[in-house]
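The values are calculated or read from the model by the stated rules, or taken from the named source; none is laboratory data. On a predicted model such as this, the values are computed, not experimentally measured, just so you know. No Cβ is skipped: glycine too gets one built from the backbone with ideal geometry, and neighbour counts run over all protein chains shown.
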Amino acid sequence: MKFAHFSDCHIGGWRDPKLRDLGLQSFQRAMQECINEFVGFVIIAGDLFDTAWPSVDIVKDVTGILRELRDHDIPVYVIPGSHDYSPSGKTIIDILEKAGLVENIAKKEITIDRTGIKLIGMHGRKGALEKEDYLILDRAKIEAEEGKKIFVFHTLLEEMKPEQFQQVEGMSMALLPKGCGYYAGGHPHFQRAVQFPGYGTIAYPGPTFPNNFKELEELECGRYIMVEVIEEWKVQYRKIPLRDVQSYLISAEGKTPVQLEAELREKIKDVANKIILVRIEGCLREGKGSDVNWKMMHEHFADAYVLLKNTTKLTSKEYESPEVDHNRTIEEIEQQLILAKKEKTPALEDRWISQLMRALIAEKQEGERVIDFEQRVLRDMESVMRLENVR
């Protein structure tokens, strides 16, 4: 018997419509592979969607894909992740479950599949707050259950962190119940499976489609894990290739915007139907990054499926960013940057900048309509900028 382990689908997460479509297509391709290989069931270890309440169009598309699995008699076991979890407990997963398309195993102590395999699920929460739930988890009861067991969770484990995740806070593996044959993890976007004495195989499948520029550079395509259950749990890593990805690192050091444009046209070749990633680093000799004619660049590479640029490390001698002491707190760094900006723009007020920053980081409240949220942010900004009467 085989089952498929997915996590971090983040369907609907990309702002670019073409990449948002690829995220959905990647999920659909993987589910079709599950149907073709007659898997016993599918596990989604959190973050099926990018938000607890995705758009109707996204839900409609995902519903169609999940219906195909149901029509082929393949159960789908899910847990809410940090993105599709809601403090009120209400998420779109509830609707999918009511329709008989998925089963939220985080709601039950133990779910028994028709194969006899027992599944236990723990939801994820924003800010890694799920760790509090593990402190009250009855691990002894789970460990006492006989038979083949799968523990499904959505959190980063300290013992599984690769080098690039060392600064990210995780949770100790000791908070997991022992004795399960397979631990289906989610949350960190890397693909890895390790066997630990007393715990069996702990695995992360990676995202079903890369979720940002850096992930597209490193992963290029989506991932999942296929597990064959015989006497042992045999893990097989899977990729979901849809489009070729070409990555370019271009140095802007000592160049003008015009020279940078010329180098981009010269170096980037053979782009037809590919995802083109351009990371630009270095300090321009004159002008600033926005002086580069990006609209013309997109027109020049119109044959590409999509062209993405990353200019976070592109600077200019005319607009150099101040050095930041990363040993300070976030608040201290913000104040440092505000003071540096004031040196160049004395008319700015500390209080005005701080209040405007607070207005801009406002989060959408649960149940609040998008238009109401946008209007609330605009009102707060207008109040800070004293524009109430300028209409």
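Conditions: (1) in a helix (DSSP H, G or I); (2) surrounded by 14 or more Cβ atoms within 10 Å (Cβ to Cβ); (3) within 31 Å of the chain's Cα centre (by Cα). E263 meets all but one. Number of the miss?
In the conditions (1) in a helix (DSSP H, G or I); (2) surrounded by 14 or more Cβ atoms within 10 Å (Cβ to Cβ); (3) within 31 Å of the chain's Cα centre (by Cα), E263 misses (3) alone.
If you go through region 35-43 one residue at a time, do you hit one that is aliphatic (A, V, I, L, M), closer than 22 Å to E366 by Cα and without any contact (Cβ under 8 Å) to a residue 40 or more places away in the chain? Reasoning before the result, please.
Taking region 35-43 as the starting set, the residues that turn out to be aliphatic (A, V, I, L, M) are 35, 39, 42-43.
From the residues that got through so far, the ones that are closer than 22 Å to E366 by Cα too are none.
No, the conditions are met nowhere in region 35-43.
Quick one: would you say H10 is closer than 21 Å to G81 by Cα and out of contact with any His (no Cβ under 8 Å at 6 or more places or on another chain)?
Values: closer than 21 Å to G81 by Cα: yes; out of contact with any His (no Cβ under 8 Å at 6 or more places or on another chain): no.
Considered against the rule, which asks whether it is closer than 21 Å to G81 by Cα and out of contact with any His (no Cβ under 8 Å at 6 or more places or on another chain), H10 comes out as no.
Does region 176-219 hold any residues that are among the aromatic types (F, W, Y) and surrounded by fewer than 17 Cβ atoms within 10 Å (Cβ to Cβ), and which are they? So that I can check it myself, show each step before the final result.
Kept after step one, since they are among the aromatic types (F, W, Y), are these residues of region 176-219: 182-183, 190, 196, 199, 204, 209, 213.
Answer for region 176-219, where residues must be among the aromatic types (F, W, Y) and surrounded by fewer than 17 Cβ atoms within 10 Å (Cβ to Cβ): F196, F213.
At least 3 residues that are under 16 Å from the mean Cα position of the chain (by Cα) and either exposed (fewer than 14 other Cβ atoms within 10 Å of the Cβ) or in the same structural domain as P188 (by TED's automatic domain parsing) (or both) in each: list the helices (runs of 4 or more DSSP H) lying fully within region 1-116 that qualify. So that I can check it myself, show each step before the final result.
Working: elements: 17-36, 56-71, 92-98.
So the answer is 17-36.
For region 220-244, which positions are buried (at least 20 other Cβ atoms within 10 Å of the Cβ) and free of Cβ contacts under 8 Å to residues at least 40 places away in the same chain?
Of everything in region 220-244, just one residue is buried (at least 20 other Cβ atoms within 10 Å of the Cβ) and free of Cβ contacts under 8 Å to residues at least 40 places away in the same chain, namely R223.
Exactly one condition in (1) out of contact with any His (no Cβ under 8 Å at 6 or more places or on another chain); (2) modelled with pLDDT of 95 or more; (3) among the acidic types (D, E) is false for E231; which is it?
Among (1) out of contact with any His (no Cβ under 8 Å at 6 or more places or on another chain); (2) modelled with pLDDT of 95 or more; (3) among the acidic types (D, E), E231 violates only (2).
Of the conditions (1) aromatic (F, W, Y); (2) more than 28 Å from K126 (Cβ to Cβ); (3) modelled with pLDDT of 70 or more, F373 fails just one. Which one is it?
So F373 meets the others, but not (2).
Look through region 266-285, keep the residues that are surrounded by 13 or more Cβ atoms within 10 Å (Cβ to Cβ), charged (D, E, K, R) and free of Cβ contacts under 8 Å to residues at least 60 places away in the same chain, and return whichever of them is nearest to P210 (Cα to Cα).
Within region 266-285, the first condition is being surrounded by 13 or more Cβ atoms within 10 Å (Cβ to Cβ), and the residues that meet it are 268, 271, 274-285.
Narrowing the set further to residues that are charged (D, E, K, R) leaves 274, 279, 281, 285.
Now drop any that are not free of Cβ contacts under 8 Å to residues at least 60 places away in the same chain, which leaves 274, 281, 285.
Details: K274: 15, E281: 22, R285: 34 Å.
Across region 266-285, the extreme among qualifying residues is K274.
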